[in-house]
Every structure is written in structure tokens, then in C-alpha cells.
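Encoded as C-alpha cells, the structure appears first; notes follow it.
The values are calculated or read from the model by the stated rules, or taken from the named source; none is laboratory data. Small disclaimer: the values here were computed from a predicted structure and weren't measured. Positions of Cβ are generated from backbone atoms using ideal geometry, with glycine treated the same way; all protein chains shown enter the neighbour counts. Side chains are part of the model used for accessible areas, which takes the heavy atoms of the whole protein and leaves out ligands, DNA and RNA. Shrake-Rupley method; radii C 1.70, N 1.55, O 1.52, S 1.80 Å.
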Amino acid sequence: MKKQVFIIIKPGFLKYSKIILDKFKRKGWNIVRIKTKKLLLSEAKRLYSIHKKEKFYTPLCNYMSSDLSIGIIIEKQTSEDPFKEVGEIKDYFRKKYAESEMRNVL
């Protein structure tokens, strides 16, 4: 069964986009759609609405709407939980390039 996951390369980390996309491709993920844009504050608030009650919600939304980001839908044929593998890749890049808990690449 094909599974899709949405990921975002956050502002300030677009310089790593080729490395990030190559890692996903090597793990068998296909890029379904990719779009570079500067999120509107209203879009960031909607995207991160799950965190609305958290202290970091407003700073996160402000950060995510501060500059360009890359939204990507990736897809893979798998019977496994896709979020586990995507999470491992995300954690790899966060350990390698993150500047802070909020400015954490993906």
C-alpha cells in the first residue's frame, strides 16, 4: 500500500534541501509534490494548530512565516508505519543541523 507523508524543510535550512531529498530517495521515498513558498502567518497557524495551547505556538508560527520553506509530499509503497522511518530521517538531520529546538531543519 502506498503511504504519503508531508514534510517541511524549515526557514534557514533550504541550503540542505538536496541532501535531505537525496536521503529520502535513497530510502525508497518518491517525491509526489514539492513547493517552495513563504507561509502566511495564517497558514502557519493552521498548520501548527495542534500546538495552539503550547507556549511555543506563537513563536513557532512567527518563525515558520518568517522566510521561505519547502513543503514536500513524499510517498512509498510499504506495509510499515511510514512515520517511524520518516521520524528516523528527521531525527538524523535535526541532530546534524538543528540550531535550536524550534529551528530544527524538518
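Protein-only accessible surface at a 1.4 angstrom probe places the residues Ser69, Ser49 in the order Ser49, Ser69, largest first.
With the helix formula -39500 (n - 2.57) applied to DSSP H stretches of n ≥ 4, the chain reaches a computed 222 nm mean residue ellipticity of -11500 deg cm²/dmol.
Relative contact order, whole percent, for the chain stands at 45, derived from Cα pairs under 8 Å and 6 or more residues apart. Of the GluC sites (Glu not before Pro) in the range 1-89, the ones in a loop by DSSP (not H, G, I, E or B) with at most 13 other beta carbons within 10 Å are Glu54, Glu80. Rolling a 1.4 Å probe over the protein chains gives Phe13 an accessible area of about 0 Å².
Backbone geometry of the range 81-87 corresponds, through the Karplus equation with coefficients 6.51, -1.76 and 1.60 at θ = phi - 60°, to 3J(HN,Hα) couplings of 6, x, 6, 5, 5, 4, x Hz, x marking Gly and Pro. Spacing of the modelled spin labels on Phe83 and Glu99, each 7 Å from Cα toward Cβ, amounts to 2.8 nm.
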